[in-house]
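The values are calculated or read from the model by the stated rules, or taken from the named source; none is laboratory data. Just so it is clear, the model here is predicted, and its values are computed rather than measured. Cβ coordinates were reconstructed from backbone atoms using ideal geometry, including for glycine residues, and neighbour counts include every protein chain displayed. Areas reflect the complete protein model, heavy atoms only, side chains present, ligands, DNA and RNA absent. Shrake-Rupley method; radii C 1.70, N 1.55, O 1.52, S 1.80 Å.
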Amino acid sequence: MGELVHPEVEIRTERTVHRGRRAATEWAGKVFDHLERRYVPLEIEETPSGVLVHAELQYLWREKGDVGDSSRVAIELGIRDGLVSSWYLIDEPE
């Protein structure tokens with residue numbers, strides 16, 4: 001993943017902000033004991049600075065692959081120099 005993000009990437013979630021390629025890679029690689037996190041894109045819109053991805057955030061039980069929880073989110077991706085420069089996660093109402 002590191003080669004796809006800008007060295008000065010900023011990832012913003014509800015709780016935290018991660019800055020830089022190393023922090024982004026660590027955040028994306030976060031492992032949960034019994035769950036896997038997956039983003040399923042539903043719609044992609046072009047914006048002046050990148051794209052807005054409407055998606056379903058799913059948490060799957062690692063052993064069975066069943067969806068344990070899901071929610072609608074939007075991910076605002078900024079693009080700079082052909083690389084992802086920002087990732088802003090936004091909760092979307094169902």
Subject >> Leading residue by the ranking (surrounded by the fewest Cβ atoms within 10 Å (Cβ to Cβ)) among those in region 43-67 that are without any contact (Cβ under 8 Å) to a residue 24 or more places away in the chain and more than 16 Å from the chain's Cα centre (by Cα) >> reply: P48
Subject >> Neighbours by Cβ (under 7 Å, 6+ apart or cross-chain): first from region 70-94, loosely packed, with under 13 Cβ neighbours inside 10 Å; second part of a strand (DSSP E or B) and of a type outside the set (D, E) >> reply: D81/H6; D91/S71; D91/V73; E94/R72
Original post:
List pairs: first in region 15-33 and at negative phi, second assigned to a loop (DSSP other than H, G, I, E, B) and open to solvent by 40 Å² or more (accessible area, probe 1.4 Å), Cβ under 7 Å, 6+ apart or cross-chain?
Top reply: T25/M1; A28/M1
**OP:** Give region 77-94 a look and list any residue that's over 15 Å from L42 (Cβ atoms) and acidic (D, E), or say none.
**Re:** D81
Subject >> Conditions (1) touching an Asp or Glu at 6+ places or on another chain (Cβ under 9 Å); (2) modelled with pLDDT under 90; (3) basic (K, R): number failed by R21 >> reply: (2)
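Output the number of residues of region 1-42 satisfying the condition of being part of a loop (DSSP other than H, G, I, E, B) and open to solvent by less than 50 Å² (accessible area, probe 1.4 Å).
The first filter runs over region 1-42 and keeps only residues part of a loop (DSSP other than H, G, I, E, B), leaving 1, 13-16, 20, 29-34.
Cutting the leftovers down to open to solvent by less than 50 Å² (accessible area, probe 1.4 Å) gives us 13, 20, 29.
Within region 1-42, residues that are part of a loop (DSSP other than H, G, I, E, B) and open to solvent by less than 50 Å² (accessible area, probe 1.4 Å) number 3.
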